[in-house]
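Working notes, beginning with the structure itself.
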Amino acid sequence: MRADYSALAQTIGALTEGETDHVSLMATVVCELHHSDDRFDWTGFYRVTEPGMLKIGPYQGGHGCLKIPFSRGVCGAAARTEQAQLVMDVNAFEGHIACASSTQSEIVLPVTDQSGALLGVLDIDSDLPAAFTQEDVDHLQKILHQVFAGDGCINKP
């Protein structure tokens with residue numbers, strides 16, 4: 001099953017409406033995302049907890065790495081550059097951190113608040129090679145923006 005991003009956005013919007021606590025929002029978003037798509041083997045947030053450092057936040061799936069510096073891995077690259085990382089083959093990504101040996105491809109998106117401050121990153125791993133597309137990036141970025149940086153209304157243009 002593939003995510004129906006339109007329905008997913010509406011569900012997440014309804015579940016998170018009025019909530020301002022970032023950890024609560026992350027927990028709800030990650031739960032909905034993880035169960036929406038068979039490609040999503042590990043789905044979670046890494047939060048900025050100090051300058052240059054990410055720590056694991058709410059997630060679904062097997063154990064994840066507890067700490068990731070901005071200088072390492074796909075999550076670090078997304079945090080450092082504040083740009084989405086779409087990785088078709090994690091073995092070809094220099095410096096990839098193998099938290100799970102089953103991971104074949106990965107998508108990591110920066111998460112910012114209304115002021116543009118980096119809160120962390122959303123990391124989605126797949127045990128399938130080349131599992132994600134730019135379409136996934138676009139839909140997920142829209143959801144993240146509306147939940148963490150927008151006005152909470154998922155369906156506004």
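The values are calculated or read from the model by the stated rules, or taken from the named source; none is laboratory data. None of the values given here were measured: they were computed from a predicted structure. Here Cβ is always computed from backbone atoms with ideal geometry, including for glycine, and neighbour counts include all displayed protein chains.
Quick notes on this one:
- Every residue from segment 90-111 that is among the β-branched types (V, I, T) and modelled with pLDDT of 85 or more: I107, V108, V111
- Taking (1) exposed (fewer than 14 other Cβ atoms within 10 Å of the Cβ); (2) free of Cβ contacts under 8 Å to residues at least 12 places away in the same chain; (3) assigned to a helix (DSSP H, G or I) in turn, Q10 satisfies each apart from (2).
- Residue within segment 120-135 that is in a helix (DSSP H, G or I) and either modelled with pLDDT of 95 or more or in contact with a His (Cβ under 7 Å, 6 or more places away or on another chain) (or both) present: yes
- Within segment 13-24, tally of residues that are assigned to a loop (DSSP other than H, G, I, E, B) and surrounded by fewer than 12 Cβ atoms within 10 Å (Cβ to Cβ): 4
- When residues in segment 38-53 are screened for being in a loop (DSSP other than H, G, I, E, B) and over 21 Å from T103 (Cβ atoms), 2 of them pass.
- Residues of segment 43-79 that are free of Cβ contacts under 8 Å to residues at least 24 places away in the same chain, in contact with a Pro (Cβ under 9 Å, 6 or more places away or on another chain) and crowded, with 16+ Cβ neighbours inside 10 Å: M53, F70, G76.
- Unique residue being over 19 Å from S126 (Cβ atoms) and in contact with a helix residue (DSSP H, G or I) (Cβ under 8 Å, 6 or more places away or on another chain) when the list is G13, G44: G13
- Residue within segment 15-22 that is small (G, A, S), in contact (Cβ under 8 Å) with a residue 40 or more places away in the chain and within 16 Å of V111 (Cα to Cα) present: no
- Qualifying residue in segment 25-35 (condition: crowded, with 21+ Cβ neighbours inside 10 Å, farther than 18 Å from Q146 by Cα and touching a residue at least 60 places away in the same chain (Cβ under 8 Å)): no
- Positions within segment 22-37 being at pLDDT 95 or above and of a type in the set (D, E), in sequence order: E32
- Residue list for segment 16-61, filter: over 13 Å from the mean Cα position of the chain (by Cα) and acidic (D, E): E17, E19, D21, D37, D38, E50
- Candidate set: segment 114-130, residues that are surrounded by fewer than 23 Cβ atoms within 10 Å (Cβ to Cβ) and among the aliphatic types (A, V, I, L, M); chosen: the one farthest from Y5 (Cα to Cα): A117
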